[in-house]
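The values are calculated or read from the model by the stated rules, or taken from the named source; none is laboratory data. Here the structure is a predicted model, which is why all the values come from computation and not from measurement. Glycine gets a Cβ as well: all are built from the backbone with ideal geometry, and neighbour counts include every protein chain shown. All accessible areas refer to the heavy atoms of the entire protein, side chains included, with ligands and DNA or RNA removed. Shrake-Rupley method; radii C 1.70, N 1.55, O 1.52, S 1.80 Å.
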Amino acid sequence: MNTPRNSRSSSPSSSYQNAPTRSVSVRGEDFAYRELGPEDGVPLILLIHLAEVLDNWDPRVVDGLAARRRVIAFDNRGVGGSSGSTPDTIEAMARDAVLFIRALGFDQVDLLGLSMGGFIAQVIAEQEPHLIRKVILAGTGPAGGPGIDRAPALTLQATLKGALTRQDPKLSLFFTETEGGQRAGRALLERLKERTHHRDKDISLPAFRAQLKAIRQWGRQAPSDLSAIRQPVLVANGENDRMVPSHNTLDLAARLPRSELVPLYPDAGHGGIFQYHDEFAARALEFLGS
């Protein structure tokens, strides 16, 4: 059972595996979220990737960050346990995320955006400069970035192949085909099963379609003016990202005025921060604490 809407826990959870799912009302819709870590300091808001819900965050990444930071993951409108209809543009998803943040009563937050979540984080950082202190962008790229508009087709192909072979699409979409990459992928899939109670709802087909449309449109937009993002930004990815080709990561780091680039993780793809979860969490905490 979810904790009643707008409620906050006085005793933060010790791990993402047992963090309760709460909800907050945002303009008449209930947004599902989980929170853990210290209650002081600037909160870190997690923005998830395509087709995924609360249960798809790597618990090692979340727990690693929550060791020193207040971390909040949430389902955007119409996704997982959140009610309403899923927007079909990145800009509308960003507006929803801002409304969620403000509904929790925060005046300033940090962002971690993964893949599609990184698109959303870029929009928020540009449009809400006083709300956002620092940003981490992982496995993502700018609007109009080469190859981004092909991510929906790759996702659909991998999903169909996965259904035929009974293999999770993440193994091909998020990890390299090498022995090390596939081993890391299987390890992630096992970690994602650790939460056995009060799991989130899977994404619905209409929500999935809306997200695919939003990503395709983002990839076909005119290139972003990243100079408008003035916050410090940490940029990370694997060196062989199929979903958002890794040269987009290098482009982000080169064009953002105050960026730091994590050297691209070797033998890693779109799920590089999951494959190198310990290293990523340590570097992210260093960045957020500086």
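Results, tabulated for the structure shown:
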| quantity | calculated |
| --- | --- |
| Residues being open to solvent by 20 Å² or more (accessible area, probe 1.4 Å) and either part of a helix (DSSP H, G or I) or at positive phi (or both) - total across region 86-110 | 6 |
| Which listed residue is within 19 Å of the chain's Cα centre (by Cα) and in a helix (DSSP H, G or I), from 186, 209, 242, 195 | 209 |
| Tally, over region 160-190, of residues that are buried (at least 16 other Cβ atoms within 10 Å of the Cβ) and not aliphatic (A, V, I, L, M) | 10 |
| Within region 48-85, considering residues that are open to solvent by 30 Å² or more (accessible area, probe 1.4 Å) and outside any loop (DSSP other than H, G, I, E, B), the one nearest to residue 279 (Cα to Cα) | 60 |
| Filter pass, residue 270 being modelled with pLDDT of 95 or more and over 20 Å from residue 122 (Cα atoms) | no |
| Inter-residue pairs, beta-carbon under 7 Å, first buried (at least 20 other Cβ atoms within 10 Å of the Cβ) and modelled with pLDDT of 95 or more and in region 215-244, second part of a strand (DSSP E or B) and of a type in the set (Ser, Thr, Tyr), 6+ apart | 233/259; 235/259; 238/265 |
| Only listed residue being part of a strand (DSSP E or B), crowded, with 18+ Cβ neighbours inside 10 Å and under 15 Å from the mean Cα position of the chain (by Cα), chosen from 113, 117 | 113 |
| Candidates 32, 73, 66, filtered to the one that is touching a strand residue (DSSP E or B) at 6+ places or on another chain (Cβ under 7 Å), at pLDDT 95 or above, among the hydrophobic types (A, V, I, L, M, F, W, C) and under 15 Å from residue 207 (Cβ atoms) | 32 |
| Only listed residue being part of a helix (DSSP H, G or I), aliphatic (A, V, I, L, M) and within 18 Å of the chain's Cα centre (by Cα), chosen from 254, 281, 268 | 281 |
| Out of 158, 153, sole residue that is small (Gly, Ala, Ser), at negative phi and modelled with pLDDT of 95 or more | 153 |
| Search result, residues across region 245-290 that are of a type in the set (Asp, Glu), touching a residue at least 24 places away in the same chain (Cβ under 8 Å) and under 21 Å from residue 44 (Cβ atoms) | 260, 278 |
